[in-house]
Amino acid sequence: MRGERGPLSTLSYVRSRGAIPEEGRVERQKLSPEGEQKVRESAVRLLRRHLNLNDLILEVEDPPCDQLCLRQLIDCDGPEAHTKLSSSLIGSALGDQATRLGIPVAVLSSQVVASGFMRICEADTRPPPKVLLTPEQRKKLSSLLEIAQNLLAQSMFSRLYFCQELWKAQNSLLLEAVWRLHVQNVVSIPELLESRADTQAVVVWLCKDLGLLCEQIEVPCQHAEVARAVLADLVQMFVLRAFQKSEGLKGDGAPAQMAQIAATVLERMLASTLEAMAAGLQEGSPAYKAGSCWFGVFSGPMCQSILSAETLKRWFCHTLTQILTHKPVLKVSDAVQMQREWSFARTPALLSGLYRRLFVILSPEELVGHLQDVLETQEVNWRHVLSCVSTLVICLPDAQQLVNGWVTRLLTRAFESWDLDSMVLAFLVVRQAALEGPAVFPSYATWFQATFGSTRGIHSCSKKALVFLFKFLSDLVPFEVPRYLQVHILHPPLVPGKYRTLLTDYVALAKTRLADLKVSIENMGLYEDLSSAGDVTQPQSQASQDVEKALTVFEHTGKVPVAILEASPIVKITPCLSDAAPGGEVEPSCAEEPLDLLMAALQELRASMTDPTQHDVLSAQVAMVSERLHSVLGLSEDVSSGEAAPVQLSIQAPELQPREQRVVDLLLTSFCQNLMAASSVAPPDRQGPWATHFVRALCGHRFLPAVLTRLCQLLHHQGPSLSASHVLGLAALAVHLGESRSVLPKVHVGPPAPARGLPIPEFIDSLLPCVAQQASALCLKFSTAAISYSLCKFSQSHELLHSCLSPGLIKKFQFIMFRWFPEARDPPSQEDLASPPWRPLCLPSVDWRRAALCLWKQRALKELLKQEGLQLTYRDWLQLEIEIQPEVDSLSDIERQDFQQWAIHQHFLPMPSAAGGCDGDLEAACTTLVDVLMDFCQSGSQGPCANSVVGISSPGAPQHLCTKQRPIPGSRLGPDRLPDPVPPAAHLCSGGRTPPHSFRAARLPPSSLGNRVSSEDELCWAVDETLSL
């Protein structure tokens, strides 16, 4: 034989066994025709099992030029690799060899290609495990598959025989190589999988290689895109085979075996990750990476390209069912005791992320309906069920209404059919939702009192309903955590007098349970967070904590907390007062770790701002921020009180503890950065509700006083130092605080406090006076940003616009526009119909003048100003103008006179009274002017704090008022007839000739005016006469 050969060839092996006699050798035994036929058949079978075609062809081919070595075909480089060996030549050569061997050419061709295929898979020298090809392997495989395609075209290739040959070396198969067989139409993956009878082995091999593939996808490498394509195609194929309906068959006509393999693979891949999470999956581990990648296949781009909505919905529902029913080892009693550990923030990120992906396909109603169906028909994993409820509450819009409706239906069913299962589920769902905080769902105490604390409660219809309720509550007592027992005792169900024993028996049982837990009613904290997930504080440390919280509340409100006033005298709080330090400082070592976690959560939220329309992602991140903030502050909502206590602040000297200021600055900076990042991608109306949720989370932990104090410091005392991004962010924050004004307490500024509390928008308006140039500049920037943001965010809701913005702030914007920009005094030639300008405000260098004028021309603003109470009136203008301090005014004396002349003569005097003008009535104009002057003077008699709030000093104001007599040309009061300087405001109100109580009546007597006031000159004369009183 010619040429070098490796190991003993197949033909030589057959000869050595005596099946084929060599030439020249004496036959030992002459076989009969039947025996010869049997030997030939045995030889063929042996050849088929041990065929090495490369060596075989070298043995049987005589001329060297006709030697066909498949290895050379595979190893050739370039597109012209086998131009001299056409497909017909390859087929002819294989046909000749098949004839000489006496086997079908399709079988021989399949063996040849399978041998080359396995040789390519085994050529990689990388250590196992391996699922992807190297570039060199891909090049060789491409050549081989081209040969296979040509053989298929000539009907010289058997797919079934080829698959059987591949399974003989299953451990050497690379998943990418198998995928390339599929995409190049040599052998489909379903054909390959169905060709093996042992489906269990097929499933094990697929799951192992899919896990390895997912691990490699998560590791940055040059083959990541190929790996993603392999995974996407495989998942799509499995989902189609397992979940796409087709008449009479599963999948798109696939046999039942393939449908079973596909469904089993999908289930096992999910189950393996769920088991790893239950065992404590470490982030960054190979199993974590594999699970993260596999859960990523549920995202839209991976699956929605070729899968129909119905197919996806069936797959997602099946997946959700598998999650909810995975290893149901916990009982209902376990869920009652442990559900506080399953809040959204404590749910593994992989699992909550998977829930969010599943929620995308299912509508909220379908989701709740599916949850209900699973809970009614199967044993469930309560940890997964309740973590799913938490994710639903956090990530779905209008989740509160959705959960309330679900719970109402459950309670109705429970009391109609005395169904304990529905009753248990209703309580578990409500408690789980309440764990996520008041920003997304009311506290458990609020819900319990609203549901059972009135005569309209579902329990009050009959004695049987009352017995059912109290038996249920009594059955829960051995498993209840103390907080819920406290709620039931402090906010008991309303019971008619004749059934009072039902309630007293339950209260006695609950108190006994609390005593067993060493938590008595007398030792309950005055500020118990009845919706908190934490453990009950031991009695010996409770009093100290009550003192800390009482001092904190007193610092922010200036009042002794009601809980202290109502506390029993036997509460042992007094001894702790001497040891308590105001502010309740936390040791740095204890505070740093929660603060680091808060910073990490804020960074993750910032990274999610690249797509502000992803409501579920951003809501999840905001929930994490809320949880971390709760840990940092150690404060929580006092759900036992009906209304939040008013906030009392000192505008002149706002103070914060260093730790509080650090946390507030961290949150405010994050909000500003997030707003700028989101605005670079989408306008406010397309950013979703992330900002609303962020602000609610910010104000849901007794943190509102600290936030408002810091706003006071920044806006009222450090305004000129704020950057444009800070102004924009704080303006948007103020808008969302106004959005939540109905649930936020009012603010008292002082001391002394005003007679009434200010709603949040009015409080923020009070921080932005217009008394000087710098203050007016800040007010213009802030009002421009706030109005622009509101018009963009809530363009479809006029009610929200009213609640978000203070009328005073809108009027200050008009006042400064009229005062500073002469072009704003003329009616606009045309209104801008485009959306309000927001994007220009987010540029690195903001032209505030241009932005304000652009907003001024907006039709949306003009429509807003037509609403009642928002247009700048004559009285409003006088009140603002009178506060201007001339020595720090942005206008010169001449500019100020020109402006005042225009305002009185051309704007407010002829303006209709319905719009806030004077209807041309000089007497009415003069009366209003004097009223404003007297109000201004009287405000100066209330002490220095009153002046400081508006940012003026009384002595300087009268000097400024004299200049208001000059702007009208033709006045009979020339410079030589100016009256003496007006006495100080305090003198006017206390020591002047006319006492304050009679001054209003003596201001403009008809006898002194009559018809004499007939021109603009008389207005100045009347002012002069009034001031000389």
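A few points about this structure:
- Cα-based radius of gyration of the stretch 357-410 once divided by 2.2 N^0.38 Å, which approximates compact folds: 1.07
- The value obtained for the stretch 140-283, namely the Cα convex hull volume divided by the number of residues, is 132 Å³ per residue.
- Of Cys121, Ser92, Leu108, farthest towards positive along the dipole that unit charges on Lys, Arg, Asp, Glu beta carbons give the stretch 84-151: Cys121
- Extension gain, Cys461 back to Thr512 (0.36 nm per residue minus Cα-Cα distance, nm): 15.5 nm
- For the stretch 217-237, the residues whose backbone nitrogen is under 20 Å from a point 7 Å from the Cα of Thr610, taken along Cα to Cβ, are 217-229.
- If you sort Ser285, Ser42, Ser776 by accessible surface, 1.4 Å probe, largest first, the order is Ser42, Ser285, Ser776.
- Total charge dipole magnitude, the stretch 873-936, about the Cα centre, Cβ charges on Lys, Arg, Asp, Glu only, Debye to nearest 20: 160 debye
- Only Lys, Arg (+1) and Asp, Glu (-1) charged, at Cβ; the stretch 333-429 dipole about Cα centre in debye: 440 debye
- Accessible area (Å², 1.4 Å probe, nearest 10) - Arg356: 40 Å²
- Centre separation in Å (Cα based) which lies between the stretch 389-446 and the stretch 255-275: 33 Å
- Ordering Ala915, Ser892, Trp877 by the projection of their Cα atoms onto the charge dipole of the stretch 873-936, which places +1 on the Cβ of Lys and Arg and -1 on the Cβ of Asp and Glu, puts Ala915 at the extreme positive end.
- The heavy atoms of His693 present about 40 square angstrom of accessible area, all protein chains included, probe 1.4 Å.
- The largest accessible area among Arg756, Arg628 belongs to the first residue in Arg756, Arg628, and the rest follow in falling order (1.4 Å probe, all chains).
- Panel note: the C-alpha atoms of the stretch 776-819, placed on their principal axes, show extents of 30, 15, 14 Å (largest first).
- Cross-link check: pairs Lys471/Lys518; Lys331/Lys518; Lys812/Lys862; Lys781/Lys857; Lys245/Lys327; Lys811/Lys866 evaluated at a Cα-Cα cut-off of 21 Å; pairs beyond the cut-off: Lys471/Lys518; Lys331/Lys518; Lys245/Lys327.
- Sorted from greatest to least, the principal axis extents spanned by the alpha carbons of the stretch 375-503 come out as 45, 33, 27 Å.
- Surface share of carbon and sulfur [accessible, 1.4 angstrom probe, percent] for the stretch 873-936: 49 percent
- Paramagnetic label zone (point 7 Å from Cα along Cα-to-C-beta, Glu655; backbone N under 13 Å) in the stretch 729-751: 751
- Legend: calculated FRET efficiency, Gln901 to Glu868, from the Cβ-Cβ distance at R0 = 35 Å, rounded to 0.05, equals 0.75.
- Across all C-alpha atoms in the stretch 873-936, the radius of gyration and Dmax reach 12.0, 35 Å.
- Probe 1.4 Å - accessible area at Thr709, Å² to nearest ten: 10 Å²
- Length gained on full extension, Lys471 to Arg228: 81.9 nm, using 0.36 nm per residue less the C-alpha separation.
- The stretch 436-505, dipole about Cα centre (Lys/Arg Cβ +1, Asp/Glu Cβ -1), debye to the nearest 20: 380 debye
- Alpha-carbon centroid distance for the pair the stretch 708-728 / the stretch 888-910, whole angstrom: 29 Å
The values are calculated or read from the model by the stated rules, or taken from the named source; none is laboratory data. Since this is a predicted model, take the numbers as computed values, not measurements. Note that each Cβ is placed from the backbone with ideal geometry, even for glycine, and that neighbours are counted across all protein chains shown. To get the accessible areas, we keep the full protein, side chains included, count just its heavy atoms, and leave off ligands, DNA and RNA. Shrake-Rupley method; radii C 1.70, N 1.55, O 1.52, S 1.80 Å.
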